[in-house]
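Heads up: the structure comes next, in structure tokens.
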Amino acid sequence: MSLYFKDNFFNAGRTDIMNRQGEVIGELDLKSAFGSSVDVYDAARDRVCSGSFRFFSNRWNVRDHNDQELGVLRMRMSFMKKRFEYDAGPRGTFEIISPAFSNEYEIADHAGSLAARFHRVSNWLQSGAYHLHNESEELTDWELVTVVMGIHEIRKRNNSQNHSATTH
């Protein structure tokens, strides 16, 4: 399924999740401008997933509607690529890769098969807006939305830390 969703400029408030036809099929609740967490709701307004940073960590924790851990996202060091790893527990570890100056990402399962892909569709003056195409049988659309928002938050946090390190 193809989904479209975005961050808000101040990283707080609610924003729609839409399908290819532009129909609202869910919602993101960006919890706070001062903290990084998100709740994902389906069309019935039931919370289906959530994501947040672990305490004093750069790892993004993904949880289901019962607050059970679905997986953990982390950034991997890489030269000339943006590389992330999503450990989905017994479902396997998924590698997420994007060339250094690209806004396109591919998510591969433990066998190297394409599970999903997404790309940023916004320009540099806008907040992050994404198009996600899920081909995975192991990962739900809602879980992948949470993972994409986790990548967005990790990159924002790293950019902020790098900016503050160069201004001091």
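Examine the range 82-96 for a residue that is part of a strand (DSSP E or B), modelled with pLDDT under 95 and touching a helix residue (DSSP H, G or I) at 6+ places or on another chain (Cβ under 9 Å), and state whether such a residue exists.
Yes, that holds for at least one residue.
Consider the range 45-63. How many of its residues are in contact (Cβ under 8 Å) with a residue 24 or more places away in the chain and either of a type in the set (A, V, I, L, M) or in a strand (DSSP E or B) (or both)?
The qualifying residues number 7.
Of D29, D67, which residue is of a type in the set (D, E, K, R) and part of a loop (DSSP other than H, G, I, E, B)?
Of the residues listed, the single one that is of a type in the set (D, E, K, R) and part of a loop (DSSP other than H, G, I, E, B) is D67.
So that you can scan it fast, the table gives a plain yes or no per residue for (1) aromatic (F, W, Y); (2) touching a strand residue (DSSP E or B) at 6+ places or on another chain (Cβ under 7 Å):
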residue: L30; (1), (2): no, yes
residue: F56; (1), (2): yes, no
residue: D64; (1), (2): no, yes
residue: R74; (1), (2): no, yes
residue: G89; (1), (2): no, yes
residue: Y105; (1), (2): yes, yes
residue: A111; (1), (2): no, no
residue: A115; (1), (2): no, yes
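The values are calculated or read from the model by the stated rules, or taken from the named source; none is laboratory data. Because the structure is a prediction, the values reported are computed rather than measured. Using ideal geometry, Cβ is built from the backbone for each residue, glycine included, and neighbour counts are taken over all protein chains shown.
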